[in-house]
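**Student:** Here it is, the structure in full.
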Amino acid sequence: MRRFTIETRGDDYSRRLQEEISDRLCGLDFVCDPDSPELVITIGGDGTFLRAIHRQFSRLNEVAFVGIHTGTLGFFTDYSKDDLEEFYRDVSTKEAQIQKVPLMKITTYNGTKLNDYFAVNEMRVENVKQTQLIDVRIDNEFFETFRGTGMCVSSQAGSTAYNRSAGGAILHEGLDFLQLTEITGIHHQAYRSLGSPLIIKKDGVIRLESHDFEKAILCYDHLYTEMIGVKAIECRACTKSIRFAHYKKIPYLQRLKSLF
């Protein structure tokens, strides 16, 4: 992979680092090609990594991603700003090991299909204006009625992100399941829901239905959209995947320990 482009978090330091890395790689016979790269290098944190993936969405089968951490969280990144010499040596002398991570597909409905969205980490339905009622169906079987702020559906990769902050379980690397986690559920004598994270098999379908989603928003990774006219959302694993380029092996538990 010799054609590359660089995505940064946009701060002055990351932009200076972008120039330095680009010059150094071009001196190692790499080619800067923003239009059709084979390798996308991110400079920042996990937010930068996610933005780069969504920007390259139409070319996911053709590009791989590697991250250099300069931000506040670098779970997806393999290198830090202090590892640049190692990074140059690895990308110029080693064959990348490609790890494929499946995306999650989110489909909205109003009787008929409305739109498809895709997420690396999670999908969230959140309503901070009023209590949101959601009927939850798993594989087309009614499970519960939830009342509260909203629900989060996360992938294995996203189990360490918002899902973890909401009290969800962390899924170890290689466990390609979906996870349903409540966001501030209401639990008292009149209303109760499961109140615990629910792990769903990877080919399962989670469907969230409501007569009124109009004051809620649908968040997917760092993006969001309004839900006017939406009556149902389905979440499932899909065949699309992102390709991580690993030039060195970092144990999953070592990555996990970097979060706390």
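The values are calculated or read from the model by the stated rules, or taken from the named source; none is laboratory data. If you're wondering where the values come from, they're calculated on a predicted model, not measured in any experiment. All Cβ positions, even for glycine, are placed from backbone atoms using ideal geometry, and neighbour counts span all protein chains on display.
**Student:** Please verify whether Gly168 is outside the structural domain of Phe75 (by TED's automatic domain parsing), surrounded by 16 or more Cβ atoms within 10 Å (Cβ to Cβ) and either in a loop (DSSP other than H, G, I, E, B) or touching a Pro at 6+ places or on another chain (Cβ under 7 Å) (or both), treating the condition exactly as stated.
**Tutor:** Here the answer is yes, as Gly168 does meet what is asked.
**Student:** Please indicate, with yes or no, whether at least one residue in segment 106-116 is surrounded by 19 or more Cβ atoms within 10 Å (Cβ to Cβ), on the phi < 0 side of the Ramachandran plot, in a strand (DSSP E or B) and not hydroxyl-bearing (Ser, Thr, Tyr).
**Tutor:** Checked against the condition, which is being surrounded by 19 or more Cβ atoms within 10 Å (Cβ to Cβ), on the phi < 0 side of the Ramachandran plot, in a strand (DSSP E or B) and not hydroxyl-bearing (Ser, Thr, Tyr), segment 106-116 yields at least one hit.
**Student:** Residues of segment 1-42 being closer than 20 Å to Ser80 by Cα, out of contact with any Cys (no Cβ under 9 Å at 6 or more places or on another chain), not in a helix (DSSP H, G or I) and not aliphatic (A, V, I, L, M), which ones?
**Tutor:** Listed by number, the residues that qualify are Glu7, Thr8, Arg9, Gly10, Asp11, Thr42.
**Student:** Within segment 43-60, does at least one residue satisfy the condition of being in a helix (DSSP H, G or I), buried (at least 21 other Cβ atoms within 10 Å of the Cβ), over 17 Å from the mean Cα position of the chain (by Cα) and in contact (Cβ under 8 Å) with a residue 60 or more places away in the chain?
**Tutor:** Within segment 43-60, none of the residues are in a helix (DSSP H, G or I), buried (at least 21 other Cβ atoms within 10 Å of the Cβ), over 17 Å from the mean Cα position of the chain (by Cα) and in contact (Cβ under 8 Å) with a residue 60 or more places away in the chain.
**Student:** Right, something else. Pull up segment 223-254, narrow it to residues that are among the hydroxyl-bearing types (Ser, Thr, Tyr) and touching a residue at least 12 places away in the same chain (Cβ under 8 Å), then point me to the one that is surrounded by the fewest Cβ atoms within 10 Å (Cβ to Cβ).
**Tutor:** Of everything passing the filter in segment 223-254, Thr239 is surrounded by the fewest Cβ atoms within 10 Å (Cβ to Cβ).
**Student:** Related question: Check Ile68 against each of (1) more than 22 Å from Tyr13 (Cα to Cα); (2) of a type outside the set (Phe, Trp, Tyr); (3) touching a Lys or Arg at 6+ places or on another chain (Cβ under 9 Å) and name the one condition it does not meet.
**Tutor:** Unmet for Ile68, out of (1) more than 22 Å from Tyr13 (Cα to Cα); (2) of a type outside the set (Phe, Trp, Tyr); (3) touching a Lys or Arg at 6+ places or on another chain (Cβ under 9 Å): (1).
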